[in-house]
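The values are calculated or read from the model by the stated rules, or taken from the named source; none is laboratory data. Bear in mind the structure is a predicted one, so any value in this text is a computation, not a measurement. All Cβ positions, glycine included, derive from the backbone under ideal geometry; neighbour counts span all protein chains shown.
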Amino acid sequence: MNHKVKEPFVRITKRDSMPVWRGWLTRLIGLVLALIVCAIVIFAMVKLNPLKVYGAMWQGAFGSTKRIWVTTRDTMMLLCIGIGLASAFKMRFWNIGAEGQILVGGIATAACMIYLGGTMPTWLLLVVMFAVSAVAGAVWGVIPAFFKARFGTNETLFTLMMNYVAIQLTSYFVAKWENPFGSNTVGVINQTTKAGWFPAILNQQYLLNVIIVMALTVIVFVYLRSSKQGYEISVVGESERTARYIGINVRRVIIRTMMISGAICGIAGFIAVSGASHTISTSTAGGRGFTAIIVAWLAKFNTFVMILIAALLVFLEKGAMQIASQYNLNDYASQMITGIILFFILGSEFFINYRLVFRGNALREKGGETV
Amino acid sequence: MEGSVPAIRMRDITKTFGPTVANDRVKLDIYRGEILALLGENGSGKTTLMNMLSGIYFPDAGQIFVEDKEVSIRSPKDAYDLGIGMIHQHFKLVDVLTAAENIILGMTGKGRLDMKAVDDKIREICSLYGFDVDPKQKIYDMSVSQKQTVEIVKVLYRGAEILILDEPTAVLTPQETDKLFSVLRNMRNDGKAIVIITHKLHEVEEISDRVVVLRRGQNVGDVPTKETNAAEMTNMMVGRSVSLNINRPEPKNQKPRLVVENLTVKDIDGVTKLSDVSFTANSGEILGIAGISGCGQRELLEAIAGLQCVESGSVAYINPETEAKIELIGKDPCAISSMGVALSFVPEDRLGMGLVGNMDLTDNMMLRSYRCGNSPFADRKSPNSLAKRVVCELEVNTPGVSTPVRKLSGGNVQKVLVGREISSAPSVLMTAYAVRGLDINSSYTIYDLINRQKEQGVAVIFVGEDLDVLLELCDRILVLCGGKVSGIVDGRSADKRDVGMMMTKLGGEAGK
């Protein structure tokens, strides 16, 4: 028998709720702490002035007009994928197949550029590519959705496997469209005619990317928040039994939503090929299909908050690349910084939902910030 | 008991969850050789208080003394070491293991496991107190009451001297309750301390020696049971005097509304859940459905609502105006409502089926109405005003209509659900365990709402578990036993014992 034993040193209890401003304050504190920890790590490892390193990161992302536009372009790309994932995740459908959906959208776009380039005016070609890439992405999304709805297969594994199929498919088309022969790349498609390239608007090469993605941001925001279909998505996501109880056809909602999710990811592929790289390769998606999962979740599927998150992630990536080259650090050092910052941002979500109660503090801790 | 040292003394125990104070400086003594009833409405902090004794929660403040020594109970293991055992409302048993295996599960011992010695010790405990347990029987073969017995033997096997039972009778028939009470008395006479958590007054009167009443986390009364009565205990529980009689208006203008014939339902494993069930539900009357839990009540309601695949049989709805018969079998809920069948269903699982916990009141009201109109956008204005009306008319206690329903208390959740279901002016209203987990006030609100529907000519099907309530509220009671109709009795003349017999045996007395 153990008689007098001490109260546990620390306990975790769930918070009832937290005002929105305090949630954002906690996230901000998390970000500041992350920067401090990064500074310590940077100084300890490479003996550089952390402030200078942060300055270099800023330079890397926003140092010149061109850099600002590239950062914007990449933010839009990440945002577009995040928007695509949001509707699926809101339905609690773990679509981790965005990579594949982007690639098939990209293949469809590249095919249009190669075979239809020069046969029709640019605006019509863009419309055709938009539609074809959306359909390709939708098909890639509907296949796992159909099997999930019909046979209850695990969508996480299924969408992941579809990524590998898409990568192999891309390799096949890269070999088929190889240019110049023997290079094992497609090269820049239609370099001279620029057929199927996004036209510059107001002299800005990437403005069309922004317009398309911003339009999607607004449309998906309204769709998820106010439409009947968006409402059905939330009900199915929260509770399939409730959905059936009120007569929602759960299978149809799953398939329809994945069609939309896949289509938007396909459009991201269209933007990546036609609006940015003008080529296709197995790294066209480049892991952004996975990074966008963080974007969608951290924003709690609010497409406007996603703009912020996507911008932060792209800023970190650009900044990391800059310090890697400027200070001759290898890639891993910069990836560590990104990792630390993400860890703290995700960690602040824990403190928003839970709080720690220390021994002896049980009654005094009312309202205390516990980060 | 005068002068004896309490087995447990709790002093100034406080526990908070976020802004809610579950226990507020509670003082409680538990004596050996005594059955203590811990009485209180839902959310009054009974279970929280006992969970702190059994090591599930840790108090924010206060002291616990066992046999006059201050202790700190940090885990269920600490509690067992101190001789405290709790039998939870939801059993924690492994289905595929035998009773004996479950009883020794998680215990440490030396070297070889001597199953025979374990069985012998279990039999010894059983014969001492009058339990009926076969150590070799698998849990999945057991009835609810047998499982509960295993749970009790489990804590006794571990040497518990202080037993806490959380609403032990909620799942039992009257006969099983009697059996449980007699073993509890045996244990008391053997010098054990027993606490039973309950909100049923007649059980307090029947079994306990002393009663402690909690209200809003505070100890508001501690009296010997002999010196009090039901009315006084209710006043302490609720904080004001309430009438304990359920209204039962005479049914008027009865006409068949729902005719169920030879309904047979099998689950996905091919196990028959309902077999050859036939009955008629009339307008203007409440048809009660009694039975041990899991006897096909859920399948019956879900089959009528179009949520359950049906093997054979028919469910015909008779339109109150045209008197035309409409077959409901084979239609989904959407098709049923589009045929103009005004069917409302308050399911057993309120937050998992009837409502969406994470959505606010308005969005939950929308569940039934969002399809209206041809616009691609959902109309939130009328659900919003409906939510406000329900909050106002049913006195739902909520910060506002944009609060997620999971944050409401059980009674308020149920008011939201029932409010939505009756707002569509149904002609058939089905409710499953409509007052389960509700406090006295909310329960009476729900009975009133159901009675009002009956007076408006609705055919009400009321699945219940508390026989006293069924016998006071319903006009007729259909008793289910193992998926078959054991009999249909008149609610005004039926005897509780007979209904209890019918629940356990087809046809009751006659089936003997």
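Here are the numbers for this structure:
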| item | result |
| --- | --- |
| Candidates A:S274, A:S261 - the one that is over 16 Å from the mean Cα position of the chain (by Cα), crowded, with 20+ Cβ neighbours inside 10 Å and more than 14 Å from every other protein chain (Cβ to nearest Cβ) | A:S274 |
| B:P59, sole failed condition from (1) within 14 Å of chain A (Cβ to nearest Cβ); (2) part of a loop (DSSP other than H, G, I, E, B); (3) surrounded by fewer than 20 Cβ atoms within 10 Å (Cβ to Cβ) | (3) |
| Extreme residue, nearest to A:F358 (Cα to Cα), among residues of region B:29-56 that are within 14 Å of chain A (Cβ to nearest Cβ) and in contact with a strand residue (DSSP E or B) (Cβ under 7 Å, 6 or more places away or on another chain) | B:M52 |
| Failed condition for B:R389, given (1) surrounded by fewer than 15 Cβ atoms within 10 Å (Cβ to Cβ); (2) within 12 Å of another protein chain (Cβ to nearest Cβ) | (2) |
| Test: B:S243 is closer than 23 Å to B:G464 by Cα, away from every other protein chain (no Cβ under 14 Å), exposed (fewer than 14 other Cβ atoms within 10 Å of the Cβ) and of a type in the set (G, A, S) | yes |
| Restricting region A:180-196 to residues that are within 25 Å of A:V127 (Cβ to Cβ) and among the hydroxyl-bearing types (S, T, Y), the residue that is surrounded by the most Cβ atoms within 10 Å (Cβ to Cβ) | A:T193 |
| Unmet requirement for A:A215, which otherwise passes all of (1) more than 10 Å from chain B (Cβ to nearest Cβ); (2) in contact (Cβ under 8 Å) with a residue 60 or more places away in the chain; (3) of a type in the set (G, A, S) | (2) |
| Those residues of region B:378-410 which are of a type in the set (A, V, I, L, M, F, W, C), more than 22 Å from B:P333 (Cα to Cα) and over 26 Å from the mean Cα position of the chain (by Cα), in sequence order | B:A387, B:C392, B:V401 |
| Unmet requirement for B:T198, which otherwise passes all of (1) within 22 Å of the chain's Cα centre (by Cα); (2) modelled with pLDDT of 90 or more | (2) |
| Search result, residues across region B:397-419 that are touching a helix residue (DSSP H, G or I) at 6+ places or on another chain (Cβ under 8 Å), modelled with pLDDT of 85 or more and not in a helix (DSSP H, G or I) | B:V401, B:S402, B:T403 |
| Enumeration of residues in region B:173-222 that are crowded, with 18+ Cβ neighbours inside 10 Å and among the hydroxyl-bearing types (S, T, Y) | B:T173, B:T177, B:T198, B:S208 |
| Meets criteria (in contact with a Gly (Cβ under 7 Å, 6 or more places away or on another chain) and hydrophobic (A, V, I, L, M, F, W, C)) for B:M187 | no |
| Candidates A:R256, A:R288 - the one that is of a type in the set (K, R) and crowded, with 24+ Cβ neighbours inside 10 Å | A:R288 |
| Residue in region B:322-334 that is out of contact with any helix residue (DSSP H, G or I) (no Cβ under 8 Å at 6 or more places or on another chain), within 8 Å of another protein chain (Cβ to nearest Cβ) and not acidic (D, E) present | yes |
| Candidates B:I440, B:I422 - the one that is surrounded by fewer than 23 Cβ atoms within 10 Å (Cβ to Cβ), under 27 Å from A:K228 (Cβ atoms) and away from chain A (no Cβ under 14 Å) | B:I422 |
| Conditions (1) within 19 Å of B:A160 (Cβ to Cβ); (2) out of contact with any Lys or Arg (no Cβ under 9 Å at 6 or more places or on another chain); (3) part of a loop (DSSP other than H, G, I, E, B); number of the one not met by B:N42 | (1) |
| Condition check for B:S314: surrounded by fewer than 18 Cβ atoms within 10 Å (Cβ to Cβ), assigned to a strand (DSSP E or B) and touching a residue at least 12 places away in the same chain (Cβ under 8 Å) | yes |
| Candidate set: region B:339-359, residues that are under 22 Å from B:E327 (Cβ atoms) and small (G, A, S); chosen: the one nearest to the chain's Cα centre (by Cα) | B:S344 |
| Criterion: in a loop (DSSP other than H, G, I, E, B) and not small (G, A, S) - qualifying residue of A:T119, A:T72 | A:T119 |
| Contacts under 8 angstrom Cβ, first residue in region A:13-27 being away from chain B (no Cβ under 13 Å), partner surrounded by 14 or more Cβ atoms within 10 Å (Cβ to Cβ) and modelled with pLDDT under 75, 6 or more apart | A:T26/A:M18; A:T26/A:V371 |
| Residue match in region B:300-317 (condition: under 30 Å from B:Q146 (Cα atoms) and away from every other protein chain (no Cβ under 14 Å)) | yes |
| Any pair with Cβ under 8 angstrom, 6 or more apart, that starts in region B:235-253 at a residue that is at positive phi and ends at one that is of a type in the set (G, A, S) and assigned to a loop (DSSP other than H, G, I, E, B) | B:N253/B:S283; B:N253/B:G284; B:N253/B:G457 |
| Residues satisfying the stated conditions in region B:335-347, i.e. at the interface with chain A (Cβ under 9 Å from one of its Cβ atoms) and in contact with a strand residue (DSSP E or B) (Cβ under 8 Å, 6 or more places away or on another chain) | B:I336, B:S337, B:F345, B:P347 |
| Region B:451-477: number of residues that are surrounded by 22 or more Cβ atoms within 10 Å (Cβ to Cβ) and either part of a helix (DSSP H, G or I) or touching a Phe, Trp or Tyr at 6+ places or on another chain (Cβ under 8 Å) (or both) | 8 |
| Restricting region B:74-110 to residues that are free of Cβ contacts under 8 Å to residues at least 40 places away in the same chain and in contact with a helix residue (DSSP H, G or I) (Cβ under 7 Å, 6 or more places away or on another chain), the residue that is nearest to the other protein chains (Cβ to nearest Cβ) | B:A79 |
| Condition check for B:V155: β-branched (V, I, T) and assigned to a helix (DSSP H, G or I) | yes |
| Qualifying helices (runs of 4 or more DSSP H) (wholly inside region A:169-270; at least 2 residues being modelled with pLDDT of 95 or more) | A:207-226 |
| Odd one out for A:L103, checked against (1) modelled with pLDDT under 90; (2) away from every other protein chain (no Cβ under 14 Å); (3) not in a loop (DSSP other than H, G, I, E, B) | (1) |
| Qualifying residue in region B:348-364 (condition: modelled with pLDDT of 90 or more, in a helix (DSSP H, G or I) and more than 14 Å from every other protein chain (Cβ to nearest Cβ)) | yes |
